[in-house]
Amino acid sequence: MAIPDEIYECEVRRLFIRNGEKVRDWKRVPVEQALADKPSGVRCAFCHGKVRLHGRHVKHGPRPHAEHYSRQDSEYCPAGHYFKQSRGREPRLSDNPVL
């Protein structure tokens, strides 16, 4: 899977019906959709860390994207800004994943 320069997809917690039972599970969606749906749970699709969603506020600005709340998550997430600045780091899941 190719890692984008910005985080344009995230995972949101959704309600699914499986075998007749209601189950909350994670679904990968574009950030634009997550902003429109205003879900209660949002996390990075790559490291499962907490992210903040940013919409497009001006016409010439960046498209809707997410950024990590935690610098540590960004340092060890393959989609993180700080991970890309530090060559040779091994990616890992967040120490404080959103469950």
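A short reminder: the numbers here are calculations on the coordinates, not readings from a lab. Source: prediction; values computed, not measured. Here the Cβ positions follow ideal geometry from the backbone for every residue, glycine too, while neighbour counts run over all protein chains shown.
Annotations for the structure displayed:
- Were the residues from Ser40 through Leu93 laid out at 0.36 nm apart, the gain over their Cα-Cα distance would be 17.0 nm.
- Note on Lys38, Lys50, Lys59, Lys27: ascending count of other Cβ atoms within 10 Å places them as Lys59, Lys38, Lys27, Lys50, the fewest first.
- Neighbour counting of Cβ atoms within 10 Å sorts the residues Lys84, Lys22, fewest neighbours leading, into Lys22, Lys84.
- Longest DSSP-loop-exposure-free segment, chymotrypsin sites (Phe, Trp or Tyr not before Pro), the chain, at most 16 other Cβ within 10 Å: 9-68
- Net +/- balance of residues flanking Gly55 in space, Cβ distance below 10 Å, scoring K and R +1, D and E -1: +1
- Relative contact order (%) - criterion: Cα under 8 Å, at least six apart; region: the chain: 27 percent
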